[in-house]
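A.B. asks: Here it is, the structure, as structure tokens.
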Amino acid sequence: MSGFRLADGGRIDRRTKRNFTFDGKAQWGYAGDSLASALLAQGQMLFGRSFKYHRPRGILGAGVEEPNALVTVDRGPGRRTPNLRAPSVALHDGLVATSQNRFPTLKTDLIAVNNVFSAFFPAGFYNKTFMWPRAAWEKVYEPIIRRLAGLGDSPTTRDPDHYDATYAHCETLVVGAGPAGIAAALEAAASGGRVILIDEQEEIGGGALSDPAQWAWLGEATAKLAAMDHVTILPRTTAIGHYHQNFVVAAERLTDHLSVDEAEGAREKLWRIRAGEVVLAMGAIERPLVFEGNDVPGVMLASAARTFALRYGVAVGRKVVVMAVHDSGWRDALALHKAGVNIAAIVDLRRDIAPELVEAAREARIACHPGYAVTAVAGSQAVKGATIALAGVGKVQKLDCDAVLMAGGWTPTVHLWSHAKGSLRWDDNWGAFLPDKTHENLRCVGACAGAWDFGKGLAGGLLPAPKPLHESKAFVDFQNDVKARDIGLAVQEGFRSIEHIKRYTTNGMATDQGKTSNLNGLQIASGVLHRPVTEIGLTTFRPPYTPQSFGAILGHHKEALFQPLRKTVIDDWAEAQGAVYENVAQWRRARYFPKGSEDMDAAVARECRTVRSAVGVFDASTLGKIEVVGPDAAEFLNRMYTNPWKSLEPGRCRYGLLLGEHGFIIDDGVSARLAPDRFHLTTTTGGAARVLNMMEDYLQTEWSDLDVWLTSTTEQWAVIAVQGPKARRVIEPLVEGIDLSPEAFPHMSVREGKICGVDTRLFRVSFTGELGFEVNVPAEHGRMVWEAIWAEGEKHGAAAYGTETMHVLRAEKGFIIVGQDTDGTVTPDDAGLGWAVGKKKPDFVGKRSLARPDIVAPGRKQLVGLLTDDPQLVLEEGAQIVADPNQPVPMTMIGHVTSSYHSATLGRSIAMALVAGGRDRMGETLHIPMPDRTISAKVVTPMFYDAEGSRLNG
Amino acid sequence: MLLIHCPYCEEARPEVEFVYGGEAHIARPVDPSTYSDEQWEEFLYIRSNPRGRHHERWRHTHGCGRFFNAVRDTVTDVFETTYKAGEARK
């Protein structure tokens, strides 16, 4: 219990108390406190347990760089947020926070036994320790490690919050509202352009919030900006990433700082900002020092102690020792002293310290130990003293203290600069990388540009120590429990690049992304390798700058708004009939229409039997449709499709097969020639946009000489398939102006006329093998025509059928579904569609590829039918096929099942499969090994029903 | 998100309106049957993949629908220029 509330000072409102709980215990703070400052004021130094060793950990920093004090905040069901940094959690009434990664409690953590055996958890221990036996990884090691090593728990229920999103444009975007950012915003605002100033903290001011001397200026500047209409100030907003051309994404936290009762509206808002100029004023983060015991609760950054004292009115200890290698540590010590914090000593590894700092310390009666380094810290859950030694190895002295502040110099925050692909240069004075060049209209100001006077210091956070590096317990990355010796070990084991050292040690890979550890790790690696840091490189910064909720990134795009759901004009009717749906591409399609207590199998069997024996009605409106118009329309299609089109007479239809230039099937569909210069094309439901794009591509870029227009008409036409021996009788009374007789209207033809008094393009086509019509009517009449056909159909015992029945019926006929029976490596010949390739055509898309050596080679996978020996067994689609079931594992797979159904018509199962050399295997028995048994099946022609096609005529 | 200048609309529009179309200036042979297997392989699959200036195709799918060509630096993603399909390589 060493932290306490100072008698005065800070920006907190001492008249307004805030009650909250931490680990179930009632606590209080003031309005304006962070969770960290309120708990420190109560003397709480222990905040969490470390990731790997479960070591007790306290506060390190006062900002988003905090690696240790991660907490879970619970705002009710589905509103539990783990891994929040205690210094960045604003205090509000009723806040419920808990510590993480401890069992059973923070103070007595049983798993901390890890710490005792920490010698067994060196760098790469996951890779080394748990390699054998292999099977034990999944069942034994991984579950144990997952329990031991961890962060907070994710919520298990749905997030009830909603998240807002917006676009914004401005002439100048300033990221970071410290003194440099505010100055940049004022300057930009003076020119009259729109300015957005964003800052991640509860109030704007950045470093000035921890410097009372700047408060008057800060208040005036803030008021001046707030008064300008063209300036938008966004506090509690984190710029999480800079993307191309000054596109910055920022997340504004709208309600988390309020009590649950006060919170209204969206929880967060994602800002997508396009700015003419971006000014980065992101400041700098102080670096910890690397010495034995630097992770004992109470050892923290000097800048953090300064912020707690001057901004929150909290002293982090009663006897505070400052360990500095940088002037800023002295400045902070003096500021703390002035604020009433007892500074017991300033230790500095350097001997040549600026005389004015030494003089000021002497005046403040602070003991100074130049040339010394802290070599040990007493205490485990709180600091109980420190040992210092001359140059780390010489004369030893013990200091009585309850807090140790580290001043290891500053690391400019260049994250967004790096997102923008800005280059960095090493600066010896800073001991850090500074922004160098960029092609964006982007600049850095203030500390992140290296343009801030923190004083001078040593570069390199590793303090000299009496112990050799490999025995040291000095931490570099607090959140991932990486020690200096782990980095030494990685180098010893042959890792040279910082990218490899990072991944092997996990240095900088925790949720803080190495904000306090990257440069120390780099410099330790540099020291061990005896090579300059610039030769070892710097790991790449990637968005987000700090952890970001998925909610804000998703915005409104969830649940029903996740993606558009396309519905046909007949969809409502199907819903009223109790259809069960499936999604096909973005379409919602009726899959089957159960009657009474029917399951899918029963409904599909009934629908299939009805189509084959009477008539079925099917909503085929989702078929892709393209209107191809122009004098060169036939020539264009002739070049696109494998089939000949020029010879097709108006009024006739043709099955078209579309290949890619690589020779593989990418789409198919029946198309009709309505007039010499007009075609009505159909594509697969999922392929419509892709096919249109491909056709536009050829038309615009390869054959711009052709006079053709392509128009997507998918949603302009409702398509009602009427299939079955009674199909003609169903539509006959509704159709006007079209002779439906078989002679006048043969299979694969199209007629224009009227149905139910509206225009129709009536196709006589069949995807079922039965006599069939596809009634195309303008979409606005689709529902009316459907209902008329349905009413007529009912007189003939019609059934409405869905996509599942459509699949079974077409499989009985061996008709393929592109994307199910083909997979992007199937040629027309492989699919048994060689007949659809125009042999006399000089060229079409993909023709040349059909002569490639591996396309004409024997042994290609070919589409065949499979009949299981047990007729009631339905194979699993995707199941692998082998020739010899007794061969040793891994077996040689010769193909897979592409389509498989129970056929009610045939009273047995049927399947289609792609099998190597399949057409030469007719009659052969092949085997399908499944987890519980091996199924045998005979290879047959993929045509199971009415091979002669007599049923097409009803 | 990139801003891309459509040479037909003569406007810079956000990337979401466009679809990338692969390397530019790879003309389909007038008569592919005259191509050897090696030449056809080259046409189908071999791309330059440069570090730096890259000539590439884009389509203003959710705009005018036109295909056009662009020169983009593959390191910086900066567009040097965009120009209409059919115009000479820039």
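The values are calculated or read from the model by the stated rules, or taken from the named source; none is laboratory data. As the structure is a computational prediction, the values presented were derived from the model and not from experiment. Cβ sites come from the backbone with ideal geometry, for glycine too, and all protein chains shown count toward neighbours. Only protein heavy atoms, including side chains, enter the accessible area calculation; ligands, DNA and RNA are left aside. Shrake-Rupley method; radii C 1.70, N 1.55, O 1.52, S 1.80 Å.
A.B. asks: In the range A:839-858, which residues are within 14 Å of chain B (Cβ to nearest Cβ) and in a loop (DSSP other than H, G, I, E, B)?
C.D. replies: Those that are within 14 Å of chain B (Cβ to nearest Cβ) and in a loop (DSSP other than H, G, I, E, B): A:LYS839, A:LYS840, A:LYS841, A:PRO842, A:ASP843, A:PHE844, A:VAL845, A:GLY846, A:LYS847, A:ARG852, A:ALA857.
A.B. asks: Moving to a separate point now. Which residue, of A:LYS726, A:LYS754, is open to solvent by 40 Å² or more (accessible area, probe 1.4 Å) and touching a residue at least 40 places away in the same chain (Cβ under 8 Å)?
C.D. replies: Residue meeting the stated conditions: A:LYS726.
A.B. asks: Among the residues of the range A:355-402, write down those that are more than 23 Å from A:GLY317 (Cβ to Cβ) and either acidic (Asp, Glu) or in contact with a helix residue (DSSP H, G or I) (Cβ under 6 Å, 6 or more places away or on another chain) (or both).
C.D. replies: Once the filter is applied, which keeps residues that are more than 23 Å from A:GLY317 (Cβ to Cβ) and either acidic (Asp, Glu) or in contact with a helix residue (DSSP H, G or I) (Cβ under 6 Å, 6 or more places away or on another chain) (or both), the range A:355-402 yields A:GLU356, A:GLU359.
A.B. asks: In this structure, is A:ARG306 in contact (Cβ under 8 Å) with a residue 40 or more places away in the chain, farther than 17 Å from A:GLY58 by Cβ and among the basic types (Lys, Arg)?
C.D. replies: Against the criterion (in contact (Cβ under 8 Å) with a residue 40 or more places away in the chain, farther than 17 Å from A:GLY58 by Cβ and among the basic types (Lys, Arg)), A:ARG306 does not qualify.
A.B. asks: Do you know which residues across the range A:574-629 are open to solvent by less than 40 Å² (accessible area, probe 1.4 Å) and of a type in the set (S, T, N, Q)?
C.D. replies: A:THR610, A:SER621, A:THR622
A.B. asks: Next question, about the same structure. Only one of A:TYR655, A:TYR698 is over 30 Å from B:GLU56 (Cα atoms) and either away from chain B (no Cβ under 14 Å) or open to solvent by 10 Å² or more (accessible area, probe 1.4 Å) (or both). Can you tell me which?
C.D. replies: On the way: A:TYR698 fails: over 30 Å from B:GLU56 (Cα atoms).
Among A:TYR655, A:TYR698, only A:TYR655 is over 30 Å from B:GLU56 (Cα atoms) and either away from chain B (no Cβ under 14 Å) or open to solvent by 10 Å² or more (accessible area, probe 1.4 Å) (or both).
A.B. asks: Could I ask something else about it? I'd like the full set of residues that are touching a residue at least 24 places away in the same chain (Cβ under 8 Å), surrounded by fewer than 18 Cβ atoms within 10 Å (Cβ to Cβ) and not hydroxyl-bearing (Ser, Thr, Tyr), limited to the range A:167-197.
C.D. replies: Passing the criteria: A:ALA168, A:HIS169, A:GLU171, A:ALA183, A:LEU186, A:GLY192, A:GLY193.
A.B. asks: So, one more: Quick one: how many residues across the range A:266-297 are open to solvent by less than 10 Å² (accessible area, probe 1.4 Å) and under 13 Å from A:GLY207 (Cβ atoms)?
C.D. replies: Final tally of qualifying residues: 1.
A.B. asks: Please enumerate the residues belonging to the range A:757-774 that are open to solvent by less than 10 Å² (accessible area, probe 1.4 Å) and of a type in the set (D, E, K, R).
C.D. replies: A:ARG764, A:GLU770
A.B. asks: Are any residues in the range A:392-413 among the charged types (D, E, K, R), farther than 24 Å from A:GLY61 by Cβ and at pLDDT 95 or above, and if so, which ones?
C.D. replies: Passing the criteria: A:LYS398, A:ASP400.
A.B. asks: A further question on this structure: Out of A:HIS257, A:HIS244, A:HIS230, which single residue is within 36 Å of the chain's Cα centre (by Cα), within 14 Å of chain B (Cβ to nearest Cβ) and not acidic (Asp, Glu)?
C.D. replies: A:HIS244
A.B. asks: Separate question: Report every pair of residues separated by at least 6 positions or lying on different chains whose Cβ atoms are under 8 Å apart, first residue within the range A:674-685 and among the aliphatic types (A, V, I, L, M), second open to solvent by 30 Å² or more (accessible area, probe 1.4 Å) and part of a strand (DSSP E or B).
C.D. replies: Going by the 8 Å Cβ cut-off, the qualifying pairs are A:LEU674/A:GLU752.
A.B. asks: Sticking with this one: Is there a residue being within 31 Å of the chain's Cα centre (by Cα) and farther than 25 Å from A:SER2 by Cβ anywhere in the range A:387-409?
C.D. replies: no
A.B. asks: Give A:ARG287, A:ARG267, A:ARG274 a once-over and let me know the one that is in contact (Cβ under 8 Å) with a residue 12 or more places away in the chain, within 33 Å of the chain's Cα centre (by Cα) and over 30 Å from A:THR232 (Cα atoms). Don't jump to the end; show me each part of the working.
C.D. replies: Values: A:ARG267 fails: over 30 Å from A:THR232 (Cα atoms); A:ARG274 fails: over 30 Å from A:THR232 (Cα atoms).
Answer to the check: A:ARG287.
A.B. asks: Looking at A:ARG365, is it open to solvent by 10 Å² or more (accessible area, probe 1.4 Å) and out of contact with any Gly (no Cβ under 9 Å at 6 or more places or on another chain)?
C.D. replies: yes
A.B. asks: Let me ask something additional. Sort through A:THR892, A:THR898 and tell me the only one that's of a type in the set (Ser, Thr, Tyr), out of contact with any helix residue (DSSP H, G or I) (no Cβ under 8 Å at 6 or more places or on another chain) and under 22 Å from A:PHE815 (Cα atoms). Full working, then the answer.
C.D. replies: Numbers: A:THR892 fails: under 22 Å from A:PHE815 (Cα atoms).
One residue alone meets the criteria, A:THR898.
A.B. asks: Quick check: is even one residue across the range A:298-310 assigned to a loop (DSSP other than H, G, I, E, B) and surrounded by fewer than 24 Cβ atoms within 10 Å (Cβ to Cβ)?
C.D. replies: no
A.B. asks: Sort out which residues of the range A:829-838 are in a helix (DSSP H, G or I) and either in contact with a strand residue (DSSP E or B) (Cβ under 7 Å, 6 or more places away or on another chain) or under 17 Å from A:LEU637 (Cβ atoms) (or both), and write them in order of number.
C.D. replies: Passing the criteria: only A:ALA836.
A.B. asks: State the number of residues belonging to the range A:309-344 that are in contact with an Asp or Glu (Cβ under 6 Å, 6 or more places away or on another chain) and without any contact (Cβ under 8 Å) to a residue 40 or more places away in the chain.
C.D. replies: Number satisfying all stated conditions: 0.
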